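The values are calculated or read from the model by the stated rules, or taken from the named source; none is laboratory data. All figures in this text were calculated on a predicted structure; none of them were measured in a lab. Cβ sites come from the backbone with ideal geometry, for glycine too, and all protein chains shown count toward neighbours. To get the accessible areas, we keep the full protein, side chains included, count just its heavy atoms, and leave off ligands, DNA and RNA. Shrake-Rupley method; radii C 1.70, N 1.55, O 1.52, S 1.80 Å.
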Amino acid sequence: MFSMLNDLILSLMIFTPLVFGVGLLGIKNVKIARTVAMFGAFLTFLWSLHVWFYFDGSQSGLQFVEAYEWLPALGIKYIVGIDGLSLLLVMLTTFLTILILISQWHVVESRQRYFLSLFMFLETGMLGALLAFDMVFFYLFWEAMLIPMYFIIGIWGSKERIYAANKFFIYTVVGSLFLLVAAILMYIEYHSQFGVYSTSLIDLYKVKIPYPQQIWYFLAFAVAFAIKVPMWPFHTWLPDAHVQAPTAGSVVLAGILLKLGTYGFLRFALPLFPEATEALAPAIMLLGIIGILYGAFTAWVQEDAKKLVAYSSVSHLGFVVLGCVGFYAGAGEMSVEALTGSVYQMINHGISTGALFFLVGMIYERCHTRDLKEFGGLAKVMPWYAVMLIIATLSSVGLPGTGGFVGEFLILLGMFQVYPIVSFAASLGVLFGAVYMLSMVKRILFGNVTKADNEKLADLNGREFLYITPLAVLIFVMGIFPNIFLDKVKVSVEYFAKNYRQYEVSVVENHLDSPDSKLQNTGWSESAKFHGE
Amino acid sequence: MNIPLPTIGSEFYSAVFPILVLCLASIISLLQGVSKGFRSPAALLFTLLVGLIAALVYQTGGYFLGGAYISDMLSIYGKSLMISASIVLVLFVYFSTLREKFFRGEVVTLFLMVLSGFLMLISSTDLISVFVGLELSSIGLYSLVGYINPNQRSQEGALKYFILGSISAAFLLYGMGLLYFTTGTLGIDQIFGQISQIYNGPNWLYFLSGLIMFGIGLTFKMALAPFHMWTPDAYEGAPTALTAFMATAAKTAIILLIFRVISFTPALTLETWQPFFSVLAIATIVIGNIFALVQTSIKRILAYSSIAHSGYLAIGLAAAATTSNTAFPYDAILFYLIAYTIMSIAVFGVLIWLEEDAGINLNLMDIHGLAKKHPFAALSIAVCMLSFAGIPPTVGFMSKFFLFKAALDAHLYSLVIVGILGSAVSLYYYLRIVVNMYMRDPTGQRETSPGGGSKITAFVVGILVVLIIALGTVLPGPLLNKMADYSKPLMINKG
């Protein structure tokens, strides 16, 4: 009977948080508000579990597709769908949102309902951007998700929050504006090639843009995504935003928002402009490697734990970027291993860095500082905290048995087949990663307790266990049983890697009725509409 | 185009009914002002609303007075937009402290004159009626800016507006004279229908100078750079409701007039217009956005933002002035005007509301921490700011999207780039307002607390805010389709 939901499950998933977010604005009582928020997040998670179980891992096409006319005169449709590239990120989004709400459970503040409803709006924005298969809707969600994040940083952040929030917002919007222009040009190009207007990504994949022009289109898209990832040298907003954001904001930012950059790269920039991506792949790899090493070195010298984790994100996402451009020279194929690694590493990074930000937030709540010099010897005082921090760190540095190993190994393996030298340079990043992460762990956990105040720190409480344990467990599950996850995405990723030059998305039937009929262009040509002739 | 002979019959009276009824209402309110029993604000509001609603609901079509007066879908669009905006603003004023000052016989008379001038403007296809309409509205506005609530700023604004406005009227008149001299007719359709004959002929230079002077007169009223100098002072000095009226109705009226001029130009020579609009658009977007960065008064920020939005509309005009056979640029502009009117009225409505307690001319300091004291007002302003900046999911984004699409269709890449960069710059000053409301603690000396403002104003603002979001997410399709009906009369030369 649950299969009845398949026809509208994705819309339900996108808009459930929105409805709850709006409802939350009217609930003054903090206790009721957080229960309602949790109920909304849980419901959304249930929808995503439904998608997970009904998702057919043997299909490379789009599943659970919904398509409705929205602006027929301009060929804009509301299309949502999910495939292997987005499935894991969607799961991560709905899952992390629940953990974040648990981490906020103890806050009793009059403005808490606004905080919770902003998180609900943020979830809608992220899910919408991941699931939208229409350029305009993607852009709507992509931009709309900045607004809640802007307020989360700007209102609940620490001292320099306004500067950080503005920088984050303006940086990202400026990048996206270039994307907007290139997208409109694509759309006009589609019209001139096919005679009808459509913003559906399924249609836009068919547009052939001649090679030299492709470069401009690609750059416009890539800037928007590179800022979001962020790739060096567009990363400067990230440390500010992370350090100033409240813990929950940092977790979402690192866990999901950044992945939308790499996801957008895979979903849009690469298949829409394959030749340009191939031509510019060396430059992208160079930026990726610079990002890996620069992030690692900068993280090494940080005294602020949160800043350290933030720079480690720059470094780790460099790997993900590398995996997205592992082209075999001239073959029209990508390294499947590297791409799989990238898709997997996005999730790993979300989990391990999410956990690290949570853990840094926990000691910040206790000591009101994140300065590494203030800590030392916490392993004796807070043994459970030490266990969790070590687990998250080990995944972050890619120790076998943890999820981080699988992702990084696949990327390095794939890249080695394509560009051994790149793989070598990137593996230096793994090495330095171990250095700075372990030295952070050493400075926080081991040695003698240097400050008298730190003697009395409480270990993890039940609520903290509740949200950190699932992440710790997942780290091992992802490390030991990667196939649980990879089986679902393997076919999509392989199809993508082999066919990115003529990438076409097929629509998988929704178990009930065929969505193909809904997708056919209804013939609203411009002349028919605007001249009435 | 087939123009019937001048006849003045019942048809004519029914076509000019909206203007007649406004004039009648203005005479009645003047008489009310001197009569003892009927000069209460409520009585004047009654006259005003009856006149406005009668003018709004009654509509008919046709060409009259030898084509000097035209009533078609386009004028119905303009009339509906401007009168609806006026009704909302009049209600805002009625429920504010300005009630006694605005609802005086002579002020209401002037206001109705301004509105009938605008209505005349959007229905004229003849230079004489254009001039009468423009002057009728301008003279009323000059006096209203300084008269309703006299203080140093408003009088300074009124005087600047008056002096510069008079000079621009002189330009306009001289330009009209030259156009008449070269073409021997006052009908806009006939003047611009002749461009191809005059082009590069002996009279071309006269025609061109006439055209430029005529254009200067119009761009002045629309506040396009470099003829925008009066705008910040007049907007800041005028009572807030009147500022909203000037920002929305004046823009609508002039744009529709320019539409007519463009639509009467033969398709092949249409691209003559493009460089003019392109230069104006670039100058206006740059100047509007850059000067807005350094302002501290909220009304001045909004004034410069209004200038910048005129620049975006000029991008649309440049896109409309192409030979390509599409009405989409017109539709995009008509959509933009509706969007801009809704956003402006909403944000000025909140300002009117806040001014109840805080006094006039709020600056950035006064709204520090507004979100804590008054979440609804802050939320409304924030939504409007994001919409002005063109961030989804608001109607501001959709309108910019349509406009940029029209411009890219017409290959106006440089204009779009300037527009995009302008949007990026504008984020800074729009966000500054949001930051001050949400992210700073209250420090302002002035009391901006709830209580004084009327519930009705808040309710109307609430509806407008919902509209801003709804038109940006679920409803833009129907509205855009509707615009295609209104732009139909403009396609006479494009086939």
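Just a few scattered comments:
- Pairs with Cβ under 8 Å, 6+ apart, first in region A:168-181 and at the interface with another protein chain (Cβ under 7 Å from one of its Cβ atoms), second of a type in the set (Ser, Thr, Tyr) and surrounded by fewer than 22 Cβ atoms within 10 Å (Cβ to Cβ): A:Ile170/B:Tyr428
- Residues satisfying the stated conditions in region B:231-241, i.e. out of contact with any Gly (no Cβ under 7 Å at 6 or more places or on another chain) and either closer than 17 Å to B:Ile342 by Cβ or open to solvent by 10 Å² or more (accessible area, probe 1.4 Å) (or both): B:Pro239, B:Thr240, B:Ala241
- Lone qualifier among B:Leu179, B:Leu144, B:Leu173, B:Leu159 - being touching a Phe, Trp or Tyr at 6+ places or on another chain (Cβ under 7 Å) and either open to solvent by 20 Å² or more (accessible area, probe 1.4 Å) or among the β-branched types (Val, Ile, Thr) (or both): B:Leu173
- Members of region B:80-122 found to be over 16 Å from the mean Cα position of the chain (by Cα) and among the small types (Gly, Ala, Ser), listed by number: B:Ser96, B:Gly105
- For A:Val174, the conditions (1) closer than 24 Å to B:Met398 by Cα; (2) under 25 Å from the mean Cα position of the chain (by Cα); (3) hydrophobic (A, V, I, L, M, F, W, C); (4) open to solvent by less than 40 Å² (accessible area, probe 1.4 Å) are fulfilled apart from (4).
- Condition check for B:Asp357: within 21 Å of B:Leu475 (Cα to Cα) and either of a type in the set (D, E, K, R) or without any contact (Cβ under 8 Å) to a residue 40 or more places away in the chain (or both): no
- Restricting attention to region B:184-220, the residues being open to solvent by 20 Å² or more (accessible area, probe 1.4 Å) and over 29 Å from the mean Cα position of the chain (by Cα) number 12.
- Total residues in region B:316-349, condition under 19 Å from the mean Cα position of the chain (by Cα) and farther than 18 Å from B:Phe397 by Cα: 5
- Total residues in region A:182-204, condition within 13 Å of chain B (Cβ to nearest Cβ), in contact (Cβ under 8 Å) with a residue 12 or more places away in the chain and open to solvent by 40 Å² or more (accessible area, probe 1.4 Å): 2
- Qualifying positions in region A:264-287 - of a type outside the set (A, V, I, L, M, F, W, C) and free of Cβ contacts under 8 Å to residues at least 40 places away in the same chain: A:Pro282
- Residue check, A:Met145 surrounded by 24 or more Cβ atoms within 10 Å (Cβ to Cβ) and away from chain B (no Cβ under 11 Å): no
- Residues located in region A:148-159, provided they are more than 7 Å from chain B (Cβ to nearest Cβ) and within 16 Å of A:Leu253 (Cβ to Cβ): A:Pro148, A:Met149, A:Tyr150, A:Ile152, A:Ile153, A:Trp156, A:Gly157, A:Ser158
- Those helices (runs of 4 or more DSSP H) of region B:38-133 in which 3 or more residues are under 27 Å from B:Leu479 (Cα atoms) occupy B:41-57, B:73-94, B:105-123.
- Any hit, region B:333-345, residues being crowded, with 21+ Cβ neighbours inside 10 Å, of a type in the set (Phe, Trp, Tyr), farther than 20 Å from B:Thr443 by Cβ and within 14 Å of chain A (Cβ to nearest Cβ): yes
- Meets criteria (open to solvent by less than 70 Å² (accessible area, probe 1.4 Å) and in a helix (DSSP H, G or I)) for A:Gly23: yes
- Take the conditions (1) farther than 28 Å from A:Phe357 by Cα; (2) in a helix (DSSP H, G or I); (3) modelled with pLDDT under 90; (4) not acidic (Asp, Glu); A:Tyr139 misses just one of them, which is (3).
- Unmet criterion (only one of (1) modelled with pLDDT under 90; (2) of a type in the set (A, V, I, L, M); (3) in contact with a Phe, Trp or Tyr (Cβ under 7 Å, 6 or more places away or on another chain); (4) assigned to a helix (DSSP H, G or I)) for B:Ile3: (4)
- The single condition among (1) within 10 Å of chain B (Cβ to nearest Cβ); (2) buried (at least 24 other Cβ atoms within 10 Å of the Cβ); (3) over 18 Å from the mean Cα position of the chain (by Cα) that A:Tyr78 does not meet is (2).
- Selection count, region B:70-100, where residues are under 30 Å from B:Asp126 (Cα atoms) and open to solvent by 20 Å² or more (accessible area, probe 1.4 Å): 7
- Flag for B:Ala15 being modelled with pLDDT of 85 or more, among the hydrophobic types (A, V, I, L, M, F, W, C), open to solvent by less than 70 Å² (accessible area, probe 1.4 Å) and farther than 19 Å from B:Leu110 by Cβ: no
- The test for being more than 22 Å from B:Ser423 (Cβ to Cβ), without any contact (Cβ under 8 Å) to a residue 40 or more places away in the chain, assigned to a helix (DSSP H, G or I) and within 14 Å of chain B (Cβ to nearest Cβ) holds for A:Gln213.
- Out of A:Val314, A:Val343, A:Val309, sole residue that is open to solvent by less than 10 Å² (accessible area, probe 1.4 Å), in contact with a Gly (Cβ under 6 Å, 6 or more places away or on another chain), touching a residue at least 24 places away in the same chain (Cβ under 8 Å) and not in a loop (DSSP other than H, G, I, E, B): A:Val314
- Complete set of residues in region B:398-425 that are free of Cβ contacts under 8 Å to residues at least 40 places away in the same chain, surrounded by fewer than 24 Cβ atoms within 10 Å (Cβ to Cβ) and facing chain A (nearest Cβ under 7 Å): B:Leu408, B:Ile420, B:Ala424
- Selection of region A:110-142 for residues being hydrophobic (A, V, I, L, M, F, W, C), within 20 Å of A:Tyr187 (Cβ to Cβ) and within 13 Å of chain B (Cβ to nearest Cβ) yields A:Ala129, A:Ala132, A:Met135, A:Val136, A:Phe137, A:Phe138, A:Leu140, A:Phe141, A:Trp142.
For (1) free of Cβ contacts under 8 Å to residues at least 60 places away in the same chain; (2) touching a strand residue (DSSP E or B) at 6+ places or on another chain (Cβ under 9 Å), each residue gets a yes or a no:
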residue	(1), (2)
A:Val136	no, yes
A:Leu140	yes, yes
A:Met145	no, no
A:Pro148	yes, no
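- Residue in region B:435-442 that is open to solvent by 20 Å² or more (accessible area, probe 1.4 Å) and more than 13 Å from every other protein chain (Cβ to nearest Cβ) present: yes
- Filter pass, B:Asn325 being within 14 Å of chain A (Cβ to nearest Cβ) and more than 19 Å from B:Lys221 (Cα to Cα): yes
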